Amino acid sequence: MPVTITAGENRKIRFFDNNTGKIICSTMAHVEGVSTLAIDPNGLYMLSASHDGSVRFWNAEKKICLQEIAAHRKKFGSGVMAVAFHPSRQMIGSAGADGLAKVYGTGQNNNNLPSSSFPMPTTTSSPTSSSSSGSSAGSSPLQKYQQQQNIASSQL
């Protein structure tokens, strides 16, 4: 079923049925207003981000939050300004009002990024500094996303 997904200052994410225009689901997504959304290339997962500085990883079909990270510090009342899925790799990124751009990845097929579980920033950069983080063990929703993407790409 085709849906439209909206979010805003009321902190909610809403899913609308494109055929009827009715709300399918409305969920309180963040502590403060939702600033941005992104859908993965296959339409199975979603990222939301907020002025509270958090990024949340969602199962778009089940409409449930799988994981949350405190990604950015607030600056001038804003937290996360943008989130995105990489179009072909199992990586996500976020950009914050704090001047940082963060990239998160899992597995070993991510341009030689270290294996990590979400939420472990693999690269953080800002106008004045850059750093790399180590890895941590464990299975996470983002790693499961990676496995599903690998299966989908092998079926092409």
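Assorted remarks:
- The lone exception for ALA38 - which of (1) outside any loop (DSSP other than H, G, I, E, B); (2) of a type in the set (Gly, Ala, Ser); (3) surrounded by fewer than 15 Cβ atoms within 10 Å (Cβ to Cβ) it fails: (3)
- Number of positions in the range 44-96 that are basic (Lys, Arg) and in a strand (DSSP E or B): 2
- Residues of the range 69-106 that are of a type in the set (Lys, Arg), surrounded by 19 or more Cβ atoms within 10 Å (Cβ to Cβ) and under 17 Å from HIS30 (Cβ atoms): none at all.
- In the range 49-68, the qualifying residues are those that are farther than 17 Å from GLU9 by Cα, crowded, with 16+ Cβ neighbours inside 10 Å and out of contact with any Lys or Arg (no Cβ under 9 Å at 6 or more places or on another chain), and the one that is modelled with the lowest pLDDT is ALA60.
- Within the range 83-104, residues that are without any contact (Cβ under 8 Å) to a residue 12 or more places away in the chain sit with their Cβ atoms under 8 Å from residues that are of a type in the set (Ser, Thr, Tyr), at 6+ positions apart or across chains, in these pairs: GLY93/TYR104.
- Subset of the range 35-48 [out of contact with any His (no Cβ under 8 Å at 6 or more places or on another chain), in contact (Cβ under 8 Å) with a residue 24 or more places away in the chain and not charged (D, E, K, R)]: THR36, LEU37, ALA38, ILE39, PRO41, ASN42, LEU44, TYR45, MET46, LEU47
- Complete set of residues in the range 8-36 that are over 19 Å from the mean Cα position of the chain (by Cα), more than 22 Å from SER94 (Cα to Cα) and not hydrophobic (A, V, I, L, M, F, W, C): ASP17, ASN18, ASN19, THR20, GLY21, LYS22
The values are calculated or read from the model by the stated rules, or taken from the named source; none is laboratory data. Keep in mind it's a predicted model, so treat the numbers as computed, not measured. With ideal geometry, Cβ positions are generated from the backbone for all residues, glycine too; neighbour counts draw on all protein chains shown.
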